[in-house]
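Here the structure is laid out as structure tokens; the discussion comes afterwards.
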Amino acid sequence: MCLPSGSTPAGIYAEMSRSVGAGLVSFARASVFVLDEFGGLGPDDPGRTRNTLQHQLLDHVDLPPTAFHYLDPEDADLPRHCTRYDALIGAAVDLMLLGIGLNGHLGMNEPGSPPDSPTRRVELHETTIQSSAKYFAHQNLPRWGVTVGLGTILASKEVWLLANGPAKARIVQQTVEGPIGSANPASLLRRHRNCSVLVDADAGALLSVAGSV
Ligand code: PGA
């Protein structure tokens, strides 16, 4: 599976951790790939995707350490690092877990990203930089990162798109009911055959079906 870090999936990770603790499920035969990683930070920065995911989930489940794959934006040969990551992922992940950016980004695939894009270095949009500030205890906010591409996201066997809170209501409505196109990367998931959009009442408030949910 391919997993993001951050506030959006926190509840799912807590539930996964509880379920493993209770012996209901096991990660012993799973493989986990991080969805993206911030660049320009020290390896131990707690805001890095790898470190946050470790803290939120991997410290609490029985995933073998060798089955945890992560991106290193500081690799001296980043294009090769990205190519190897895509090769390790292979044809398709079984489960792709995604948050949604205020501008519709998936991972760090900002508006305008090609639908067939591979894992690569990307520049972050200003809204993304500002909304990531909550993950850092310092002012050195990352302006770029490395992300799994839309090609890998759209090839996944199953996708869960998660959103919670009122700030996401507008982009959730546009994603589900607005035009499909690269201007809103999340809208491309409407062409995916096995994608679930999981929202809380606040994030789903502007959907035309909201009254019946
Ligand atoms: P959030 O980010 O969990 O910080 O809201 C989601 C995203 O930007 O993909």
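Of all residues in the stretch 161-200, which are of a type in the set (A, V, I, L, M, F, W, C) and open to solvent by 60 Å² or more (accessible area, probe 1.4 Å)? So that I can check it myself, show each step before the final result.
Restricting attention to the stretch 161-200, the residues satisfying the condition of being of a type in the set (A, V, I, L, M, F, W, C) are 161-163, 167, 169, 171-172, 176, 180, 183, 186, 188-189, 195, 197-199.
Listed by number, the residues that qualify are 167, 180, 183, 197, 198.
What pairs come up if the first residue lies in the stretch 1-26 and is within 13 Å of residue 63 (Cα to Cα), the second is among the hydroxyl-bearing types (Ser, Thr, Tyr) and more than 14 Å from the ligand (Cβ to nearest atom), and their beta carbons are under 8 Å apart, counting only those six or more places apart or on different chains?
Cβ pairs passing all conditions: 1/31; 20/26; 25/19.
Can you pull out every residue in the stretch 201-210 that is more than 17 Å from residue 10 (Cα to Cα) and open to solvent by less than 80 Å² (accessible area, probe 1.4 Å)?
204, 205, 207, 209, 210
Could you count how many residues in the stretch 93-113 are more than 16 Å from the ligand (Cβ to nearest atom) and surrounded by 13 or more Cβ atoms within 10 Å (Cβ to Cβ)?
2
Suppose we filter the stretch 86-120 for residues that are without any contact (Cβ under 8 Å) to a residue 60 or more places away in the chain, among the small types (Gly, Ala, Ser) and over 27 Å from residue 27 (Cβ atoms); how many remain? Please lay out each step first, then the result.
In the first step, residues of the stretch 86-120 are kept if they are without any contact (Cβ under 8 Å) to a residue 60 or more places away in the chain; the result is 87-88, 90, 116-120.
Keeping just the survivors that are among the small types (Gly, Ala, Ser) gives 87, 90, 117.
Still in the running and over 27 Å from residue 27 (Cβ atoms): 117.
The qualifying residues number 1.
Of the residues in the stretch 3-45, how many are polar (S, T, N, Q), more than 16 Å from the ligand (Cβ to nearest atom) and touching a helix residue (DSSP H, G or I) at 6+ places or on another chain (Cβ under 6 Å)?
Residues of the stretch 3-45 that are polar (S, T, N, Q), as a first pass: 5, 7-8, 17, 19, 26, 31.
From what is left, the residues that are more than 16 Å from the ligand (Cβ to nearest atom) are 17, 19, 26, 31.
Next cut, touching a helix residue (DSSP H, G or I) at 6+ places or on another chain (Cβ under 6 Å) only: 17, 31.
Within the stretch 3-45, residues that are polar (S, T, N, Q), more than 16 Å from the ligand (Cβ to nearest atom) and touching a helix residue (DSSP H, G or I) at 6+ places or on another chain (Cβ under 6 Å) number 2.
Residues are listed down the side, and each one gets a yes or a no for (1) touching a Cys at 6+ places or on another chain (Cβ under 8 Å); (2) among the small types (Gly, Ala, Ser); (3) within 15 Å of the ligand (Cβ to nearest atom):
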residue	(1), (2), (3)
129	no, no, yes
134	no, no, yes
142	no, no, yes
146	yes, no, yes
149	no, yes, yes
156	yes, yes, no
166	no, no, yes
172	no, no, yes
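Go through the residues of the stretch 132-139 one by one and say whether even a single one is open to solvent by less than 70 Å² (accessible area, probe 1.4 Å), within 24 Å of residue 51 (Cβ to Cβ), in contact (Cβ under 8 Å) with a residue 60 or more places away in the chain and of a type outside the set (Phe, Trp, Tyr).
First, pick out the residues of the stretch 132-139 that are open to solvent by less than 70 Å² (accessible area, probe 1.4 Å): 132-133, 136, 138.
Subsequent filtering for residues that are within 24 Å of residue 51 (Cβ to Cβ) retains 132-133, 136, 138.
Of the ones still in play, those that are also in contact (Cβ under 8 Å) with a residue 60 or more places away in the chain are 132, 136.
From the residues that got through so far, the ones that are of a type outside the set (Phe, Trp, Tyr) too are 132.
Within the stretch 132-139, one or more residues are open to solvent by less than 70 Å² (accessible area, probe 1.4 Å), within 24 Å of residue 51 (Cβ to Cβ), in contact (Cβ under 8 Å) with a residue 60 or more places away in the chain and of a type outside the set (Phe, Trp, Tyr).
Give me the residue from the stretch 7-49 that is touching a Ser or Thr at 6+ places or on another chain (Cβ under 8 Å) and crowded, with 19+ Cβ neighbours inside 10 Å and, out of that set, farthest from residue 153 (Cα to Cα).
Residues of the stretch 7-49 touching a Ser or Thr at 6+ places or on another chain (Cβ under 8 Å): 20, 25, 34-38, 46-47, 49.
Subset that is crowded, with 19+ Cβ neighbours inside 10 Å: 34-38, 47, 49.
Working: 34: 12, 35: 9, 36: 12, 37: 15, 38: 18, 47: 23, 49: 17 Å.
Restricting to residues being touching a Ser or Thr at 6+ places or on another chain (Cβ under 8 Å) and crowded, with 19+ Cβ neighbours inside 10 Å, the top hit is 47.
Just one of (1) touching a Leu at 6+ places or on another chain (Cβ under 7 Å); (2) surrounded by fewer than 19 Cβ atoms within 10 Å (Cβ to Cβ); (3) modelled with pLDDT of 95 or more; (4) not hydrophobic (A, V, I, L, M, F, W, C) trips up residue 125, so point out which.
In the conditions (1) touching a Leu at 6+ places or on another chain (Cβ under 7 Å); (2) surrounded by fewer than 19 Cβ atoms within 10 Å (Cβ to Cβ); (3) modelled with pLDDT of 95 or more; (4) not hydrophobic (A, V, I, L, M, F, W, C), residue 125 misses (1) alone.
Table: residues versus (1) assigned to a loop (DSSP other than H, G, I, E, B); (2) in contact with an Asp or Glu (Cβ under 8 Å, 6 or more places away or on another chain); (3) at pLDDT 95 or above.
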site: 82; (1), (2), (3): no, no, yes
site: 88; (1), (2), (3): no, no, yes
site: 96; (1), (2), (3): no, yes, yes
site: 114; (1), (2), (3): yes, no, yes
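Could you list, in sequence order, the residues of the stretch 27-49 that are assigned to a loop (DSSP other than H, G, I, E, B), in contact (Cβ under 8 Å) with a residue 12 or more places away in the chain and closer than 15 Å to residue 71 by Cβ? Steps first, please.
First, the residues of the stretch 27-49 that are assigned to a loop (DSSP other than H, G, I, E, B): 27-31, 35, 39-48.
Now restrict to residues that are in contact (Cβ under 8 Å) with a residue 12 or more places away in the chain: 27-28, 30-31, 35, 39-41, 43, 45-47.
31, 35, 39, 40, 41, 43, 45, 47, listed by residue number.
The values are calculated or read from the model by the stated rules, or taken from the named source; none is laboratory data. Just so we're clear, the structure is a prediction, and the values are computed from it rather than from any experiment. No Cβ is skipped: glycine too gets one built from the backbone with ideal geometry, and neighbour counts run over all protein chains shown. Accessible surface areas use protein heavy atoms only, side chains included; no ligands, DNA or RNA. Shrake-Rupley method; radii C 1.70, N 1.55, O 1.52, S 1.80 Å.
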